[in-house]
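Everything on this sheet refers to the single structure shown next.
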Amino acid sequence: MVYVRVTDLTDYNFCPRKVYLKRILGLREETNYQIFLGKMIHDIFDNLNESEYKIVYEIDDDYDFQYILNLYKDYVLSLFEELVEKYNSDIEELKIDLEDLKVNVLSSIMFDIEDRAKLVYQHMRMEGIYGIELWDKLEPKILTEIDVRSEAYNLLGRIDRIEKYKRIMIPYEIKSGKMNRDHLIQIHAYYLLMKKEFPDYDIPHGVILYLKKKEKREVYFSKGILNKVFYIKNKVEDILENSKDPGVIKELDKCKRCAFYKYCYKNDRNRS
Ligand code: SF4
C-alpha cells in the first residue's frame, strides 16, 4: 500500500489531476519566487528552533527586552546570510533581488520572532532564572519539521511546527500565502496523525500562522472536516492504487493559476 501524503489531500482538493501528475507521473511543480520565499522562511524557522537554546544560554543576566530581541534578530540575519550562500544557484536562476528577498523574509517572520523573544523575556522576569536554567524551564519548547505517519490511516506528513507543553501539543501550519480552506484540511490531517503519534498529549487546537497577515489563527477540530479528510484520502488512494488519471478539470481560471497549466493544455486532446 502506498502512503497518502497530507499534501496529496490539499492537491486533490485543488484538482484531482494534480495528485496523478505528481504521484503517478512524478512531475514537479516549477519553483517560482513565492515558492522560494516560502522555502527560505521554513528553513529559517527550522534552523532557529533547532538552535534556540544557544540564544537562551546567552541570556545570563537580567537583560531588557530589546537586548533579548536583538539576540534573536542577529541570529536570524546570520541564518539568512547562510541560506543565501546555500541557495545561490536558485537565486541566480530565478533572478532574485537580494535586498527585496531580505525585506520580504524579515517582514514575514519578525512578528513571530518578537512573540517568542517576549515569551522568553517574560519567563526570565517572572522566574528570575537565566541561561541553561531558563532554557530548561522554558515552555513551550518548539519542535519543527516533524515527520508523522500512521499505518492505521495510511497517511503521512511533515508538520511545520509543534508547540510542546508538559501535557499539551499544538500543531502549527505556516503559510506565506493567502488564507485558503485547504489549510483546514491540512491541520485536521495533522491532528489525526498526532493523536496516533503522541497519544499521551492533549491536542486542544491547531494554529495556522499567516505570515503576510501577521495572524495566528486558532483552529478547533471539527467532525465535519475530519470526515472530509477521510473522504479525500479515499479518493487519493483510488488514484494511487489504480494509477487513474482523473482528467483535466473544467475550470480554466483555476488551471491558469496551476503550475501544470502548460502540461495539461499542451495539446487539444486535453481541452474538453
Ligand atoms: S492545469 Fe488544471 S487540470 Fe491540470 S492539474 Fe492544474 S488544475 Fe488540474
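Computed from the coordinates by the stated procedures, all read-outs in this text should not be read as laboratory data. Predicted model only: the values in this text are computed from it and were never measured. Cβ atoms come from the backbone with ideal geometry, glycine included; neighbour counts cover every protein chain shown.
For the residues Tyr220, Tyr53, what sequence is obtained by ranking on other C-beta atoms within 10 Å, fewest first?
Final ranking by Cβ density, sparse to dense: Tyr220, Tyr53.
Looking at the stretch 169-268, which GluC sites (Glu not before Pro) are in a loop (DSSP not H, G, I, E or B) and have at most 13 other Cβ atoms within 10 Å?
Here the sparse-neighbourhood loop sites are Glu251.
Count neighbours as other Cβ atoms within 10 Å of each site's Cβ, and list the trypsin sites (Lys or Arg not before Pro) in the stretch 165-216 that are DSSP loop with at most 15 such neighbours.
Answer by residue number: Lys166, Arg167, Lys178, Arg181, Lys212, Lys213, Lys214.
By counting other Cβ atoms within 10 Å of each Cβ, how are His188, His123 ranked from fewest to most?
His123, His188
As I understand it, the dipole of the chain uses +1 on the Cβ of Lys and Arg and -1 on the Cβ of Asp and Glu, about the Cα centre. Which of Met110, Gly131, Cys264 lies farthest toward its positive end?
Among Met110, Gly131, Cys264, the one farthest towards the positive end of the dipole of the chain is Cys264.
What's the magnitude of the charge dipole for the stretch 33-137 around its Cα centre, counting Lys and Arg as +1 and Asp and Glu as -1 at the beta-carbon? Answer in Debye, nearest 20.
The calculation lands at about 260 debye.
If I take every Cα pair under 8 Å that is 6 or more residues apart in the chain, average their sequence separation and divide by the length, what percent do I get for the relative contact order?
Dividing the mean separation by the residue count of the chain yields 24 percent.
Find how many whole Å separate the alpha carbon centroid of the stretch 99-129 from the alpha carbon centroid of the stretch 141-200.
If you average the Cα positions of each part, the centres end up 22 Å apart.
Would you mind working out the magnitude of the charge dipole of the chain relative to its Cα centre, with +1 at each Lys and Arg C-beta and -1 at each Asp and Glu C-beta, to the nearest 20 Debye?
2020 debye
With the cut-off at 1.5 for a/c, could you classify the stretch 33-137 from its C-alpha gyration tensor as rounded, prolate or oblate?
It comes out prolate by the Cα gyration axes.
Would you mind telling me which residue in Leu69, Leu21, Leu94 has the biggest mean-square fluctuation in a Gaussian network model of the chain, where springs connect alpha carbons within a distance under 10 angstrom?
The residue with the greatest mean-square fluctuation here is Leu94.
Which loop trypsin sites (Lys or Arg not before Pro) in the stretch 1-102, with loop taken from DSSP, have no more than 13 other Cβ atoms within 10 angstrom of their Cβ?
Passing both the DSSP loop test and the Cβ count: Arg28, Lys95.
Which percentage, to the nearest 5, of the DSSP beta bridges contained in the chain is antiparallel?
70 percent
Please report, for the Cα atoms of the chain, the Rg to one decimal and the Dmax as a whole number; what are they, in angstrom?
Computed over the Cα atoms of the chain, radius of gyration and Dmax are 20.9, 70 Å.
Give Lys223/Lys256; Lys166/Lys228; Lys118/Lys195; Lys196/Lys235; Lys39/Lys137; Lys212/Lys262 a once-over and call out the pairs whose C-alpha atoms are over 27 Å from each other.
Flagged as over cut-off: Lys223/Lys256; Lys166/Lys228; Lys118/Lys195; Lys39/Lys137; Lys212/Lys262.
So how strong a dipole does the stretch 72-219 carry about its Cα centre when Lys and Arg Cβ are +1 and Asp and Glu Cβ are -1, to the nearest 20 debye?
720 debye
Can you list the residues, at least 5 places off or on another chain, whose amide H is less than 5 Å from the amide H of Glu215, using H built in the peptide plane?
Those qualifying (amide H under 5 Å, at least 5 residues apart or on another chain) are Tyr210.
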